[in-house]
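Following: one structure in structure tokens, then a few remarks.
The values are calculated or read from the model by the stated rules, or taken from the named source; none is laboratory data. Because the structure is a prediction, the values reported are computed rather than measured. Neighbour counts are summed over all protein chains in view; Cβ atoms, including those assigned to glycine, are modelled from backbone coordinates with ideal geometry. Just the protein is used for accessible areas: all its heavy atoms, side chains included, with ligands, DNA and RNA removed. Shrake-Rupley method; radii C 1.70, N 1.55, O 1.52, S 1.80 Å.
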Amino acid sequence: MTVHVTSPKFKDNAHRALQDEQLQKAMGNVRQGFIDRRAAVAAKLPEFEALRDSARDIKNHTLQHLDLYLEQYERRVTAAGGHVHWARTADEARRAILDICKRVGARTVTKGKSMISEEIGLNAALEAANIRPVETDLGEYIIQLRGEIPSHIIAPAVHLNATQVESDFRRVHTHLDPQRDLSQPVQLLTEARGVLRDRFLAADVGITGANFLIAETGTSVIVTNEGNGDLTQTMPKVHIVIASIEKVVPTLEDVSQILRVLARSATGQEMSVYTTFSTGPRRPEDVDGPEEYHVVILDNGRSSMLGTTFQDMLRCIRCGACMNHCPVYHAVGGHAYGWVYPGPMGAVLSPSLIGVDKAGHLPNASTFCGRCESVCPVRIPLPKLMRHWREREFERHLQPATFRSGLGFWAYFAKRPRLYRLATSVAMRGLAWLGRDKGRFKTLPLAGGWTDFRDFPAPQGATFQDQWKSRRAGGAK
Amino acid sequence: MSARDEIFANLRRSLGVKGSEAPRRHVVQERLESAPKGLVPQRGQLIGEGLIELFKTQAEAAMASVVEVDGPMAVPEAVAEYLRASNLPARIKMGDDLRLAAMPWGETALEISKGRSDGQDLVAVNHAFAGVAETGTLTMTSGPENPSTLNLLPDYAIVVLSAKDVVGDYETMWARLRDEYGKGQMPRTVNWITGPSRSADIEQTLLLGAHGPRSLHIVLVNG
Ligand code: SF4
């Protein structure tokens, strides 16, 4: 296929990602691990496919009645002694959190892994207010030390190898013996456990995300394997939950249906180690738990996705299966996507949240092989939604001419479904074969399409803060 | 317009509703009240021995260890024995759970302190609210009886679980919780725990004992 590279930036980025031996080695762990484990655990539960339908239906039902379930949720949180704060924008969410932290005189804040926190750039805002945020999820802690953003929504440091982590720990943990042995991953884990244990005990405020909010009981739910988020919300005097509006589900039964597909899809576990349900602050008789409980509920463009084609995307439970199964993600890693949400889900969600002018090119990062949709636990039609963005992008004439010819090429196949299926299946076999023993893709055929025409934002060219500033200056919602 | 009002106005505009429509409100009320179960996997639909066996198998698959004892009176010795076998000091922390308090701890050499954990405790003993067989999951409820910190901070977590509290599925467990706490009410914290703490964040290598306990030992009490 002829190469029409339209963006020197993309060429550099894709080239760099594909030639980056460390990255390619690390991405091999994704290809091998996640896919097999998910398949094995799904095969063990005969009802798995039907549970995916159930999860989809629960999410659809909730979205159709989102205003009412959010009202009910708020009532229950308040009745349990908690506080709900509503935030239209990232800025309002940051301010709500900063206000609470300042009021209680917080100096250190521990954090459970939260994509919403990444979305609103919370750590930078806390630092600017002289409050020290400490990420406690091991992967998130590592990338915080490196000043990076997550490259995966459930495995933030999946792009790194142990030797890189070792050198970061040596650089930052200068209070420890420089001669210590850190050659094994378990030694790295033990060191992080020790360092973070002190932080858990010292923190004034704990901030977590929420996998779910339960309307029936006013409960926030987090799912972890490490126990870090659970300690984050149990130890400090104040617990703040930051969650987006679509996280609400009606009942304890509904959340149980969805939990049955979440861990299985995400890590291939039957159930994650810790699923923690928090309702309000500690009770008068309790001997532990936070004295204050706050929930900051963020919209940030989501309410406008309701009632549109992109409403389906609001079902997403952030399991990561779509990226685990994506040949494009495997090839270039998460940072190439240029914002906090990588992979197929990011390609669909990011344009909705930060604007099609900023992220409208992401939906092109697809071979349209359909593997993402085939594993999505809530059956989001990701390829269809990516196509919708491409069409909008086309209508808006935001793409350079060479892209339009690329789309023309794709449209030729799209109008001929059999030919398209054939082309993609051949391409998939080709990709699998290419990646098989080399462990990486030197080129991306099929949608050679993809490498040829697409424009990616610089992954490492700008810090998250810089990107954030320019995004806001650009008037994105 | 406040942030809250604008978000709700936006939601309703997008959904094409006013929010006051009686049929919609009825549907939501009905769902919250009836809490339909959805699809409950066959796997947990067992009784008696089969149910207990499934719980054990699943908990062990999640890398917990399980020991069965004949009755509550045998629990302290089983705990002491576990500590000896693991080369741990004979020291535990626990809360005010009445079921634990009724056990003959004095017959062992265990040194017992009470209350929440401050992060220095090596071993803690909590009593579970329930065990869910389908995934070998423990349900722990917060309170002075079984402080949540005891589930999370010690290196070795020991959980006492009555065989009669083992249920097949999450839905049955929630039904029991509602019976105890009331519809719509929850303890401050409910922890579902399936095996010991772990992380695969470094090169996708599975390692136990990330921030929570490195080991989870379940004492399953028959009779
Ligand atoms: S889009 Fe689907 S597969 Fe991807 S993260 Fe969301 S729920 Fe998981």
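What to note about this one:
- Residue check, A:Ala128 away from every other protein chain (no Cβ under 12 Å), more than 23 Å from the chain's Cα centre (by Cα) and not charged (D, E, K, R): yes
- Count of segment A:278-299 residues, restricted to those that are within 11 Å of another protein chain (Cβ to nearest Cβ) and open to solvent by less than 10 Å² (accessible area, probe 1.4 Å), is 11.
- Scanning segment A:232-247 for residues that are in contact with an Asp or Glu (Cβ under 9 Å, 6 or more places away or on another chain) and open to solvent by 10 Å² or more (accessible area, probe 1.4 Å) yields a count of 2.
- Number of the exception - A:Cys369 against (1) more than 30 Å from A:Asp99 (Cα to Cα); (2) part of a helix (DSSP H, G or I); (3) more than 10 Å from the ligand (Cβ to nearest atom); (4) of a type in the set (A, V, I, L, M, F, W, C): (2)
- Condition met for B:Glu21 (at pLDDT 95 or above and open to solvent by 80 Å² or more (accessible area, probe 1.4 Å)): no
- When A:Arg260 is tested against (1) within 16 Å of the ligand (Cβ to nearest atom); (2) within 9 Å of another protein chain (Cβ to nearest Cβ); (3) open to solvent by 10 Å² or more (accessible area, probe 1.4 Å); (4) charged (D, E, K, R), just one condition goes unmet, and that condition is (3).
- At least 3 residues being closer than 10 Å to B:Trp192 by Cα and either in contact with a helix residue (DSSP H, G or I) (Cβ under 6 Å, 6 or more places away or on another chain) or more than 12 Å from chain A (Cβ to nearest Cβ) (or both) is the threshold, and among the strands (runs of 3 or more DSSP E) wholly inside segment B:126-172 those reaching it are B:130-132.
- For segment A:147-164, filtering for residues that are more than 11 Å from every other protein chain (Cβ to nearest Cβ) and of a type in the set (Ser, Thr, Tyr) leaves 1.
- Residue within segment A:309-326 that is within 11 Å of chain B (Cβ to nearest Cβ), surrounded by 24 or more Cβ atoms within 10 Å (Cβ to Cβ) and in a loop (DSSP other than H, G, I, E, B) present: no
- Scope segment A:66-77; condition facing chain B (nearest Cβ under 8 Å) and either over 29 Å from A:Glu292 (Cα atoms) or of a type in the set (Phe, Trp, Tyr) (or both); matching residues: A:Tyr69
- Whichever residue in segment B:127-179 is among the hydroxyl-bearing types (Ser, Thr, Tyr) and closer than 30 Å to B:Gln42 by Cβ and, among such residues, is most open to solvent (accessible area, probe 1.4 Å): B:Thr172
- Any chance B:Glu77 is away from chain A (no Cβ under 13 Å) and open to solvent by 80 Å² or more (accessible area, probe 1.4 Å): yes
- Number of residues in segment A:29-61 that are touching a strand residue (DSSP E or B) at 6+ places or on another chain (Cβ under 8 Å) and either open to solvent by 10 Å² or more (accessible area, probe 1.4 Å) or facing chain B (nearest Cβ under 9 Å) (or both): the value is 1.
- In the set (1) in contact with a Lys or Arg (Cβ under 9 Å, 6 or more places away or on another chain); (2) over 22 Å from A:Arg94 (Cα atoms); (3) crowded, with 24+ Cβ neighbours inside 10 Å, A:Glu253 fails one condition alone, (3).
- Highlighted here are the helices (runs of 4 or more DSSP H) found entirely within segment A:1-75 that include at least 2 residues which are at pLDDT 85 or above and either of a type outside the set (A, V, I, L, M, F, W, C) or in the same structural domain as A:Gly268 (by TED's automatic domain parsing) (or both): A:21-43, A:48-64.
Matching residues to (1) in contact (Cβ under 8 Å) with a residue 24 or more places away in the chain; (2) on the phi > 0 side of the Ramachandran plot; (3) within 16 Å of the ligand (Cβ to nearest atom):
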| site | (1), (2), (3) |
| --- | --- |
| A:Leu138 | yes, no, no |
| A:Val158 | yes, no, yes |
| A:Ser167 | no, no, no |
| A:Arg170 | no, no, no |
| A:Arg180 | no, no, no |
| A:Pro185 | no, no, no |
| A:Gly194 | no, no, no |
| A:Leu201 | yes, no, no |
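- Qualifying residue in segment A:391-414 (condition: basic (Lys, Arg), part of a helix (DSSP H, G or I) and modelled with pLDDT of 75 or more): yes
- The residues of segment A:319-346 that are on the phi > 0 side of the Ramachandran plot and within 13 Å of the ligand (Cβ to nearest atom), listed by number, are A:Gly320, A:Gly343.
- Condition met for A:Leu349 (farther than 18 Å from A:Pro150 by Cα, modelled with pLDDT of 90 or more and within 16 Å of the ligand (Cβ to nearest atom)): no
- Only one of the listed residues (A:Asn130, A:Asn123) is free of Cβ contacts under 8 Å to residues at least 60 places away in the same chain and on the phi > 0 side of the Ramachandran plot. That residue is A:Asn130.
- Selection from segment A:201-233 of residues that are over 25 Å from A:Leu314 (Cα atoms), within 7 Å of chain B (Cβ to nearest Cβ) and over 18 Å from the mean Cα position of the chain (by Cα): A:Leu201, A:Gly227, A:Asp230, A:Leu231
- Positions within segment A:165-193 being open to solvent by less than 40 Å² (accessible area, probe 1.4 Å) and at the interface with another protein chain (Cβ under 10 Å from one of its Cβ atoms), in sequence order: A:Val165, A:Pro185, A:Leu188, A:Leu189, A:Ala192, A:Arg193
- Checked against the criterion of being assigned to a loop (DSSP other than H, G, I, E, B) and either facing chain A (nearest Cβ under 8 Å) or open to solvent by less than 80 Å² (accessible area, probe 1.4 Å) (or both), the candidates B:Lys56, B:Lys37 yield just one match: B:Lys37.
- If you check A:Ile149, A:Ile153 for being within 16 Å of the ligand (Cβ to nearest atom), under 19 Å from the mean Cα position of the chain (by Cα) and in contact (Cβ under 8 Å) with a residue 60 or more places away in the chain, only one passes: A:Ile153.
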